[in-house]
Amino acid sequence: MKTLQKKHWFLVPIITVFLGCSAELSEELDVKSQEKEIIQASARPGLKPIGTGVMMQAFYWDVPAGGNWWNTVKGKVQDWSNAGMDAIWLPPATKAQNGALSMGYDPFDYFDFGKYNQMGSVETRFGSEDELKSLISTAHGAQLSVIADIVINHNSGGQSEHNPVNNQSYWTKFTPLSGKFHRTYNDFHPNHNHTSDTGVFGGFPDLCHHQVRVQNELWKNPESVAKYYKNVMGFDGWRFDYVKGFEPWVVKDWKNEVGGFTVGEYWDGNAGTLDWWSGQAEASAFDFACYYRMKDAFDGNNLNKLNEDMLWKRNASRAVTFVTNHDTNEIYGGKMLAYAYILTHEGYPTMFYRDYEEWLNKERLNNLIWIHNNLAGGSTTNLYTDNDEYIARRNGHNNAGLVVYINNANHWQERWIETNWSNTRIKDYTGHSSWEPVTQGGKWVKIQVPPKSYSVWAPK
């Protein structure tokens, strides 16, 4: 899902309030489910396996216009890789109805990456085709996969034409200058086979994925959109926009045809619904259930809300966790600690560009990314939760695991907990506590956490 109108952004102070999601539903995971933490290895040689690090959402709503965004991102990819990112997610990259002003969610020509003079511009808002190719090449050189944002529910910018199915006129005549994927009324709803599918967005012409020609042009033909993105432009995976608008088999067929890491934006806070969609699509999904439970817990100052259901508790291998994105971007005090949560728990975490580059403490975020990549392995056991405390243990998988302690109170807190380690000196890898206690023979130890903050404990 996306919003086409301009959004307003506000600079917020860094307030250390930790967000957490209970792991009660994932305490009994076996070794096979632990191994699924690696969501999918990249098919392109030399890149980090997707799911072993963190994905960067490399844009926000209304990034500066003027055609320089690809160059801006290009200048950052090596630093992001050094910090522990394994992939970057780019905005919709092709020419849309609003030309040089568009964020890409009103697609017109799927093959114009900033090359043709149409919709009022040659370049897209983000730059030229050559600049995009240079960015992708540079990202690959930094061992990062590049995720394309795919908008195939609707199109925009076509000419009006008569639809004989219901004797009305629609904006469904598309003659893009790329000369590829020309469209008429029969490629949209209503047509002779289908009146509608599962959803429409914003009144835009709604593509009919049951039409064989549409399938061929989008992902099946040798010169389809999907294969052009992968084989000519160099994209490695897919973020599908507004998947509520079409059936899950569309994503499944696309992924099976061209491969690559695949995640869908199914905007729903029900973990069961997300689990159903990801199973049907055989793809990952953004964990909106976790997102909403975190927001519920910290807006209401009741961490018990985090005991509720989330996708990562049902199927961590399919959950892409996030704190905010280009659509949401709520301003709340616990954002830094929300990252502490998703970067210590199961699922594939996403970093939001503006949080990392502008709003939050990059050094603290880099520390949490290191913790995620080096310590946060295995299944999750919830150790303690109340209104203002949350403690969870990662049980380790090819690493030592960790214990994360969240404190939503205005004072230091301490608690005895059971770790993974006997007679072992441990430390807080965040540096928030200077304690270096030794665990007892029975693996118990006392740990502490600062006010409105977090600590992460593992063997020294």
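The values are calculated or read from the model by the stated rules, or taken from the named source; none is laboratory data. Small disclaimer: the values here were computed from a predicted structure and weren't measured. Counting neighbours? That spans all protein chains shown, and the Cβs are built from the backbone with ideal geometry, glycine included. Note: areas computed on protein heavy atoms with side chains; ligands, DNA, RNA excluded. Shrake-Rupley method; radii C 1.70, N 1.55, O 1.52, S 1.80 Å.
When region 407-419 is filtered for residues that are in contact with a strand residue (DSSP E or B) (Cβ under 7 Å, 6 or more places away or on another chain) and either under 21 Å from Leu375 (Cα atoms) or open to solvent by 40 Å² or more (accessible area, probe 1.4 Å) (or both), the ones remaining, listed by number, are Asn407, Trp412, Glu414, Arg415, Trp416, Ile417, Glu418, Thr419.
Within region 286-316, the residues that satisfy the criterion of being touching a helix residue (DSSP H, G or I) at 6+ places or on another chain (Cβ under 7 Å), open to solvent by less than 20 Å² (accessible area, probe 1.4 Å) and assigned to a helix (DSSP H, G or I) are Phe288, Ala289, Cys290, Met294, Ala297, Leu303, Leu306, Leu311, Trp312, Lys313, Ala316. Between Lys244, Lys252, Lys230, the distinction of being within 22 Å of Met55 (Cβ to Cβ), open to solvent by 40 Å² or more (accessible area, probe 1.4 Å) and touching an Asp or Glu at 6+ places or on another chain (Cβ under 6 Å) belongs to Lys252 only. The condition of being under 18 Å from Gly99 (Cα atoms), open to solvent by less than 60 Å² (accessible area, probe 1.4 Å) and within 30 Å of the chain's Cα centre (by Cα) holds for only one of Gly199, Gly127, Gly179, that being Gly127.
Pick from Thr439, Thr424: which is over 31 Å from the mean Cα position of the chain (by Cα) and open to solvent by less than 10 Å² (accessible area, probe 1.4 Å)? None of the others qualify; the one that does is Thr439.
Filter region 88-136 down to the residues that are without any contact (Cβ under 8 Å) to a residue 40 or more places away in the chain and either in contact with a strand residue (DSSP E or B) (Cβ under 7 Å, 6 or more places away or on another chain) or over 20 Å from Phe174 (Cβ atoms) (or both) and list them by number. Thr94, Gly99, Ala100, Ser102, Met119, Asp130 - these are the residues of region 88-136 that are without any contact (Cβ under 8 Å) to a residue 40 or more places away in the chain and either in contact with a strand residue (DSSP E or B) (Cβ under 7 Å, 6 or more places away or on another chain) or over 20 Å from Phe174 (Cβ atoms) (or both).
Determine, yes or no, whether Tyr353 is within 20 Å of Leu90 (Cα to Cα), aromatic (Phe, Trp, Tyr), out of contact with any Ser or Thr (no Cβ under 7 Å at 6 or more places or on another chain) and open to solvent by less than 40 Å² (accessible area, probe 1.4 Å). When the stated conditions are applied, Tyr353 passes them.
Yes/no per residue for (1) under 20 Å from Gly245 (Cβ atoms); (2) in contact with a helix residue (DSSP H, G or I) (Cβ under 6 Å, 6 or more places away or on another chain); (3) of a type outside the set (Val, Ile, Thr); (4) exposed (fewer than 15 other Cβ atoms within 10 Å of the Cβ):
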{"position": "His140", "(1), (2), (3), (4)": "no, no, yes, no"}
{"position": "Val151", "(1), (2), (3), (4)": "yes, no, no, no"}
{"position": "Pro205", "(1), (2), (3), (4)": "yes, no, yes, no"}
{"position": "Val214", "(1), (2), (3), (4)": "yes, yes, no, no"}
{"position": "Pro222", "(1), (2), (3), (4)": "no, no, yes, yes"}
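Consider region 265-285 and keep the residues that are open to solvent by 10 Å² or more (accessible area, probe 1.4 Å) and not in a loop (DSSP other than H, G, I, E, B). The one that is farthest from Glu247 (Cα to Cα) is Gly272.
Of the strands (runs of 3 or more DSSP E) lying entirely inside region 352-460, the ones with 1 or more residues being touching a helix residue (DSSP H, G or I) at 6+ places or on another chain (Cβ under 6 Å) are found at 380-385, 389-394, 453-459. Scanning region 442-460 for residues that are open to solvent by 20 Å² or more (accessible area, probe 1.4 Å) and within 19 Å of His372 (Cα to Cα) gives Pro459, Lys460. Exactly one condition in (1) in contact (Cβ under 8 Å) with a residue 12 or more places away in the chain; (2) over 29 Å from Gly114 (Cα atoms) is false for Trp276; which is it? For Trp276, the exception is condition (1). Inspect all residues belonging to region 285-308 and state whether any of them is modelled with pLDDT of 95 or more and either over 22 Å from the mean Cα position of the chain (by Cα) or over 18 Å from Asp327 (Cβ atoms) (or both). Checking region 285-308: not a single residue is modelled with pLDDT of 95 or more and either over 22 Å from the mean Cα position of the chain (by Cα) or over 18 Å from Asp327 (Cβ atoms) (or both).
In region 41-85, what count of residues is obtained for those that are acidic (Asp, Glu) and open to solvent by less than 60 Å² (accessible area, probe 1.4 Å)?
1
Of note, Val404 satisfies the criterion of being closer than 22 Å to Gly84 by Cβ, at pLDDT 95 or above and in contact with a strand residue (DSSP E or B) (Cβ under 6 Å, 6 or more places away or on another chain).
Exactly one residue out of Thr94, Thr16 is open to solvent by 20 Å² or more (accessible area, probe 1.4 Å), of a type in the set (Ser, Thr, Tyr) and either over 30 Å from Asp275 (Cα atoms) or modelled with pLDDT under 50 (or both): that is Thr16.
Rundown of residues vs (1) of a type in the set (Lys, Arg); (2) surrounded by fewer than 22 Cβ atoms within 10 Å (Cβ to Cβ); (3) out of contact with any Ser or Thr (no Cβ under 8 Å at 6 or more places or on another chain), yes/no style:
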residue: Asn329; (1), (2), (3): no, yes, yes
residue: Tyr332; (1), (2), (3): no, yes, yes
residue: Gly347; (1), (2), (3): no, no, no
residue: Glu363; (1), (2), (3): no, yes, yes
residue: Asn373; (1), (2), (3): no, yes, no
residue: Gly378; (1), (2), (3): no, no, yes
residue: Asn387; (1), (2), (3): no, yes, yes
residue: Ala392; (1), (2), (3): no, no, no
